[in-house]
Amino acid sequence: MTNSLHSPLALVCELTHRCPLHCVYCSNPRELAARATELSIESWASVFKQAAELGVLQADFTGGEPLARTDIVELIRAARAAGLYVNLITSGLPLDEAKLDSLLAAGLDHFQLSFQSATESIAEEISGTKTHAQKLRVLEWLKPRRVAVTLNFVLHRRNLHQIGEMLAIAESSSATRVEFANVQYCGWGFANREHLLPTRAQLDQFLIDVKAAEERFRGKIRVEYVVPDYYAKYPKPCMGGWGRKVMLISPNGDALPCHAAAVIPGLHFENVREKSMREIWESGEAFQKFRGEAWMQEPCKSCDRRAQDFGGCRCQALLIAGDASATDPVCSLSPNRAKVDAVLAGIQEPQTTPSAEFLYRTNPS
Amino acid sequence: MAIDPNSKPQLAPGVRLGENNNQRVLLMPERALRLIGPSLEIVQRCDGKHTVAQIVADLQKIYSKAEPHKVETDILGYLQLLRDERALDFTA
């Protein structure tokens, strides 16, 4: 096993679960880590060093809201000192120009600003807070400064028609990259799934518009998007394969193979306070569980695509098929695909009024 | 869009050379490209001072056994790829 084992390339650092926003599709687990249990700057510095030694190239600072850590500048400095490329994935709050300068001076390489919508009203409906105007201010602050900028628009039924406005925001910014990310229906997103899934008609129009933009922006802005899972024929290689490329550290130091892995019952996560990163990566129980192909069932087991998509998303398999070892039910070859189609059949009417039935993400103690 | 031989490529903001396990890599948002042989020679010259034509001439000298036209086509193709990745900016 160890001989053919890849080095992880990216370290996803959930620095905190605290966040000023309450997005209805937050990728954090439903059970949030309390502030008192968060790793110290010293522990994170050790994690960065061990990660670089393991072969990790990039650190993704996320949360919750990573800027909620008062020691964010020191955290960036520590990751850079370990030799990592530092991505900050943020809502742009809390931030002012002086703070932005200190993040850049500490060595921040890439600033990724997330958007819930192209307008304040829908952004507020989704995040339960008024933050859209602040994001537009942050884009102005970023313009004269030397840092890579990505805009990340999270797509769902309430904003998919805003593609034109989203592209206009990207075009008027200094972004070199715009990412259209689909809501992932695990955790909070799963609880709000019926209100967030786009209709087929919405998606078809979006795909036409985004392909045109990709051509128009070539050489100026890199446009990235994928067909959302529920509408795809085959599953995505979730996390690039379980325990293959990514290691996620939760605010309290648990090491996870993906953001949502905590939904899978019976998985035990080791903690960086107790074990070395190398030990966890190479032989940790949770990382071994769905690594390689031994765990696969049919139709994955004998499928030609198994080395391409690794069976898809384990969390989705659990949530829809009730079995984390099953083929990702979004796959057209899955015996459970009918369950996905039934969900899609139920949501094809476009929804015009704001939904009052969202379950909003809470905050940890 | 063709590459202007008189333009000067330089690494875009947030794109830099890095090293891992004695391997040179080009680090950029959510990506890392391994740099070996000619790709490293090219990227090291994307400093905002060398023109595309100068980079081509330099590499034709280094790889003097290769067919010069092929060296040029390969370099232009690689620069275009890096531009579309948004790893390079070109100044006049």
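The values are calculated or read from the model by the stated rules, or taken from the named source; none is laboratory data. Remember, predicted model here, so these are calculated numbers, not experimental data. When we count neighbours, we look across all protein chains shown, and the Cβ atoms used for this are built from the backbone with ideal geometry, even at glycine. Note: accessible area is taken over every heavy atom of the protein model, side chains too, but ligands, DNA and RNA are not part of it. Shrake-Rupley method; radii C 1.70, N 1.55, O 1.52, S 1.80 Å.
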Across the stretch A:15-68, the tally of residues that are farther than 22 Å from residue A:148 by Cα and not hydroxyl-bearing (Ser, Thr, Tyr) stands at 31
For this session: Would you check if residue A:170 is within 14 Å of chain B (Cβ to nearest Cβ), among the small types (Gly, Ala, Ser) and over 16 Å from the mean Cα position of the chain (by Cα)?
Result: yes
Expected single match for within 14 Å of the chain's Cα centre (by Cα), among the aromatic types (Phe, Trp, Tyr) and open to solvent by 20 Å² or more (accessible area, probe 1.4 Å) among A:225, A:234 is A:225
Discussion item. Criterion first (over 30 Å from residue A:12 (Cβ atoms), at pLDDT 95 or above and either touching a Ser or Thr at 6+ places or on another chain (Cβ under 7 Å) or within 14 Å of chain A (Cβ to nearest Cβ) (or both)) does residue B:82 satisfy it?
Written reply: no
Inside the stretch A:115-127, the number of residues satisfying the requirement of being open to solvent by 10 Å² or more (accessible area, probe 1.4 Å) and either touching a Lys or Arg at 6+ places or on another chain (Cβ under 8 Å) or within 14 Å of chain B (Cβ to nearest Cβ) (or both) is 4
Of the candidates B:27, B:17, B:33, B:59, the one satisfying the condition of being more than 10 Å from chain A (Cβ to nearest Cβ) and under 13 Å from residue B:82 (Cα atoms) is B:33
Only one of (1) over 28 Å from residue A:29 (Cβ atoms); (2) open to solvent by 20 Å² or more (accessible area, probe 1.4 Å) does not apply to residue A:193, and that is (1)
Of all helices (runs of 4 or more DSSP H) fully inside the stretch A:247-341, the set with 1 or more residues that are touching a residue at least 24 places away in the same chain (Cβ under 8 Å) and touching a strand residue (DSSP E or B) at 6+ places or on another chain (Cβ under 9 Å) is A:277-283, A:285-289
Matching residues in the stretch B:36-56 (free of Cβ contacts under 8 Å to residues at least 24 places away in the same chain and within 14 Å of chain A (Cβ to nearest Cβ)) number 0
